[in-house]
Each structure stands twice: as structure tokens, then as C-alpha cells.
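Reviewing the structure listed below.
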Amino acid sequence: MSPDSAAPSVEADIDVDSDVLVEITQAVWASFVDPEVPLVDLGPCVPEPAEAGVVVGSVAILGPVPTVLSVRLSAGAASDVAARMFDIDTAAVSSADVQDATGEIANMIGGNVKAMLPEEHRLGLPSVTAATVGPDPDAALASATLLWGEHTLLVTLDRRPGGSSS
Amino acid sequence: MKVLVVDDSRVMRQIVVRTLRQAGFDGLDIVEATNGAEGLDVVASEGPDMVLSDWNMPEMTGIDFLTTLRARGDSTPFGFVTSEGSAEMRERAAGAGALFLIAKPFSADTFADTLAPILG
């Protein structure tokens with residue numbers, strides 16, 4: 001037992017680790033994005049400064065242990081994802097399509113994470129923004145870096161800023 | 001057969017419709033709504049044979065949509081297609097009168113098995 005393990009912690013209430021994030025994301029990807037090119041697990045995310053053109057889809061998981069599930073990917077990758085989900089050519093993808101598809105990816109992963117938490121939790125509505133800051137390693141309860149072809153995808157489950165439950 | 005697909009995500013409505021086709025349910029008349037409140041209007045105006053609804057939506061959630069329908073005496077077959085498939089939510093869905101809850105991600109096989117008794 002580690003010295004920290006006796007103390008109550010947020011992590012003790014969250015039975016979601018990087019392997020769980022990988023498994024859920026791979027299932028979502030295989031069903032709705034790309035059944036032929038599987039996501040390759042590269043391990044927990046390595047924090048990097050925010051890059052221009054990075055899209056972040058997020059959904060809050062509200063309740064006793066409030067968290068945020070986020071998916072970060074490049075604008076190019078987000079367009080490719082939207083094209084596949086809408087079954088259209090990438091050139092025809094609009095910004096609204098990217099918002100919708102990226103938000104739905106976060107929503108599906110978040111919904112499956114929420115299903116593993118105590119019953120009192122509920123899911124917020126997804127939002128999609130341009131990244132202004134990089135991932136916060138201190139906030140991450142679990143994270144995963146996944147490779148899809150030439151694109152890298154970061155999935156993180158973070159403590160919700162401020163810790164509010166609603 | 002007319003099927004109402006309710007989801008605030010346009011891409012998810014499209015995926016649900018595509019999956020219905022892949023599951024072998026061809027020739028369906030599809031109508032759509034973006035939330036429960038709009039769904040109530042479409043049920044009243046279109047009289048669908050079945051409703052497939054998301055749970056978590058703005059304006060009116062799927063569970064409030066179903067509860068309102070049943071309170072109005074409307075018994076249209078209703079099922080959820082949602083990212084939240086916990087045992088608690090399945091119980092709430094069944095208690096409110098839903099026939100099933102399909103969790104995302106789903107497959108055409110899941111649609112075929114679950115919907116065959118209704119869509120034949």
C-alpha cells in the first residue's frame with residue numbers, strides 16, 4: 001500500500017483509468033468513425049502546449065465527483081472524423097459538421113464513462129471549442145493518447161474546474 | 001412504417017437512420033426532431049409507429065418526452081438510443097414505459113435484434 005492510499009481521494013471514487021478510456025474510445029471509433037483503421041494506444045497523454053488549430057470536444061459529468069471528459073484533436077483530424085461520421089467528402093465538411101461530430105464523440109465517451117460511476121452522476125451537454133491551453137496534467141484523473149493513421153487523439157478525464165457538482 | 005428519430009445531434013440522427021437501413025429495415029418513412037419538445041409536436045402531427053430518442057438533449061430530455069407522451073395517453077412504441085446505458089437509466093427508461101434502451105456505440109446487429117419485434 002502506498003503512503004497515499006489510506007487517505008480518501010477523488011481518485012478513490014473514480015474507477016476509470018487510462019485503459020478504460022482507451023477501451024471506450026476504441027469501441028466508439030470502430031463503430032462510428034473508422035472500422036478499418038483501429039486506434040493505437042500510445043499510453044497516457046504527454047502534456048503539450050496548446051497548438052493552433054486544435055479542437056476540443058468536452059462534456060461535463062456532474063455529481064458528487066464532478067469531472068470533464070475531453071477529446072483533443074487537430075482541426076484536420078476533426079474534419080476527417082466528421083466526414084466519416086456524415087459519410088461525405090472531407091471537402092464538404094462545414095464547421096457546424098465538425099462541432100456536431102466532435103461533440104458527439106465526446107458525448108459518447110463521456111456517457112460510457114458516466115455509466116461506470118455512482119448513480120448520482122449525470123451528463124451535461126457537449127461543447128466544442130478551439131484549444132486555448134494545453135492539457136493540465138494536475139487535473140487529469142486518467143488520460144490516453146491514441147494514434148489514428150497520421151492523427152493523434154488525446155482523451156482526458158479531468159477534475160471539473162472549481163469542483164462544483166452542478 | 002413511420003419512425004421518429006429524436007436527437008439534438010444531426011450526425012447521430014443520420015447514423016441512426018443509416019443503421020436502421022444496415023439492419024435491414026428498408027423503406028421506412030423517417031421523420032426527425034432535435035429535442036423532446038419538438039418530438040411531441042412531431043408525434044402529434046405525424047403519428048409515427050415508433051419513436052427512437054436520445055436521452056440527454058436541450059429543451060426537453062428524452063425521459064421527459066416519454067413521460068409527457070404517456071401522460072397524454074399516447075402509447076406509441078418508444079425506445080432510447082443513448083450514450084448512457086447504466087442499469088439505473090435502463091430501470092428509469094423501463095419504468096417510464098420505454099420498450100428498450102440501446103447504448104451508443106451500437107451495431108446494426110443490435111438494431112436488428114432489438115427492433116425486429118416492432119418493425120418486423
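Values quoted throughout were computed directly from the atomic coordinates according to the rules given, and no laboratory measurement underlies them. Worth saying up front: this structure is predicted, and the values here are computed from it rather than measured. Quick reminder, even Gly has a Cβ in these numbers, built from the backbone with ideal geometry, and neighbours come from all protein chains shown.
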Exercise. Which condition does A:Leu62 not pass, out of (1) touching a His at 6+ places or on another chain (Cβ under 9 Å); (2) farther than 23 Å from B:Met89 by Cα; (3) surrounded by fewer than 23 Cβ atoms within 10 Å (Cβ to Cβ); (4) within 14 Å of another protein chain (Cβ to nearest Cβ), if it passes all the others?
Worked result: (2)
Seminar exercise, completed: Condition set hydroxyl-bearing (Ser, Thr, Tyr) and surrounded by fewer than 24 Cβ atoms within 10 Å (Cβ to Cβ), scope the range A:75-106, selection nearest to the other protein chains (Cβ to nearest Cβ): answer is A:Ser94
Exercise. Does the range A:119-135 hold any residues that are farther than 21 Å from A:Gly63 by Cα and in contact with a strand residue (DSSP E or B) (Cβ under 7 Å, 6 or more places away or on another chain), and which are they?
Worked result: A:Val128, A:Thr129, A:Ala130, A:Ala131, A:Pro135
Exercise. Which residue, of B:Val81, B:Val51, is within 14 Å of chain A (Cβ to nearest Cβ) and closer than 21 Å to B:Gly120 by Cα?
Worked result: B:Val81
Seminar exercise, completed: Cβ pairs under 6 Å, 6+ apart or interchain, first in the range A:28-41 and more than 9 Å from chain B (Cβ to nearest Cβ), second part of a loop (DSSP other than H, G, I, E, B), ordered by first then second residue, are A:Val37/A:Gly149
For this session: Check A:Thr152 against each of (1) more than 13 Å from the chain's Cα centre (by Cα); (2) within 26 Å of A:Val40 (Cβ to Cβ); (3) of a type outside the set (A, V, I, L, M); (4) surrounded by fewer than 20 Cβ atoms within 10 Å (Cβ to Cβ) and name the one condition it does not meet.
Result: (1)
Problem set entry | Failed item, numbered, when B:Asp64 is tested on (1) farther than 22 Å from A:Gly110 by Cα; (2) away from chain A (no Cβ under 12 Å); (3) not small (Gly, Ala, Ser) | (1)
